[in-house]
1. Which of 24/166; 107/173; 24/107 have a Cα-Cα distance over 27 Å?
2. Taking a cut-off of 22 Å between Cα atoms, list the lysines near residue 92, but don't count ones fewer than 8 places away on the same chain.
3. If you build the convex hull over the alpha carbons only and average its shadow over all orientations, what do you get for the range 2-155? Give it in nm² to one decimal.
4. Placing unit charges on C-beta atoms (Lys and Arg positive, Asp and Glu negative, everything else neutral), compute the dipole magnitude of the chain about its Cα centre in debye, rounded to 20.
5. I'd like to know which of 14, 137, 170 lies farthest towards the positive end of the charge dipole of the chain, counting +1 on Cβ of Lys and Arg and -1 on Cβ of Asp and Glu.
6. Once the piece of chain linking residue 31 and residue 150 is laid out straight, how much longer is it, given 0.36 nm per residue of separation minus the C-alpha distance between them?
7. Name the most mobile residue of 15, 119, 85, meaning the one with the largest mean-square fluctuation, in a Gaussian network model of the chain with Cα contacts below 10 Å.
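Just so it is clear, none of the values below were taken in a lab; they were calculated from the coordinates. Keep in mind it's a predicted model, so treat the numbers as computed, not measured. Neighbour counts run over all protein chains shown; Cβ positions are idealised from the backbone, glycine included.
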Amino acid sequence: MIRIGIINVSDRASAGVYEDIPGKAVVSYLTDWLIGDWEPVYRIIPDEQDQLEATMIELADTEGCCLVVTTGGTGPALRDVTPEATEAVCQKMLPGFGELMRQESLKYVPTAILSRQTAGIRNQTLLLNLPGKPTAIGQCLSVVFPAIPYCIDLIGGPFLTTDEAKMKVFRPKS
Ligand SMILES: Nc1ncnc2c1ncn2[C@@H]1O[C@H](COP(=O)(O)OP(=O)(O)OP(=O)(O)O)[C@@H](O)[C@H]1O
Ligand SMILES: Nc1nc2c(c(=O)[nH]1)N[C@H]1C(S)=C(S)[C@@H](COP(=O)(O)O)O[C@H]1N2
């Protein structure tokens, strides 16, 4: 079974102050795009770097997720530590993901440049940061998703198949 991790990193969402709209949005996009069985592995945690690193390691190494998507904690505020935690647990960074998402987000808000969102590889898992704003989820995920299945192929993960009418992915011909 293909497993995908979703971590909502937010003090307020983890305290129940607001509903986890960003995490639910990630699940809903993936459900719409992916063909075949997959299962979400879901966590809502506060902006604590140790806890976030431990959760990313757990979802990657123990739960066997080929992809782990985080929402929130990418900005400049004191408690925003998602990119630091991501770098700490990855062996390789993929800065192109953050570059493309910021470029896309700039079409909507000038504050897009405040997000330090990034992506990287831990063993056979791709980790990807999204901003916490509910509207940012679709805008960011849809622009980078075409490259995600091939990235997972390259790291020896499962073969992800999408409904091409909804999400067309790109795999270079070998
Ligand atoms: N479920 C939600 N409903 C409404 N707005 C949300 C929701 N989740 C996030 N947001 C908005 O997105 C912004 C950034 O979200 P993020 O998850 O990073 O929270 P945050 O502001 O860092 O929260 P916290 O300070 O509680 O960790 C929030 O300030 C809020 O405006
Ligand atoms: N697409 C998109 N990207 C966005 C935003 C947004 O509303 N839409 N908000 C920006 C803002 S205001 C901030 S502070 C940063 C960081 O957000 P985060 O701390 O919730 O991750 O993301 C930026 N990127």
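1. Details: 24/166 18 Å; 107/173 31 Å; 24/107 24 Å.
107/173, as the Cα separations exceed 27 Å there.
2. none
3. Values: hull surface 32.6 nm².
Computed as one quarter of the Cα hull surface, the answer is 8.2 nm².
4. Details: 15 positive and 21 negative charges, 124 e Å.
The calculated dipole for the chain is roughly 600 debye.
5. Final value for the positive-end residue is 170.
6. Working: separation 119, 0.36 × 119 = 42.84 nm, distance 1.85 nm.
Gain on extension, residue 31 to residue 150, equals 41.0 nm.
7. 15
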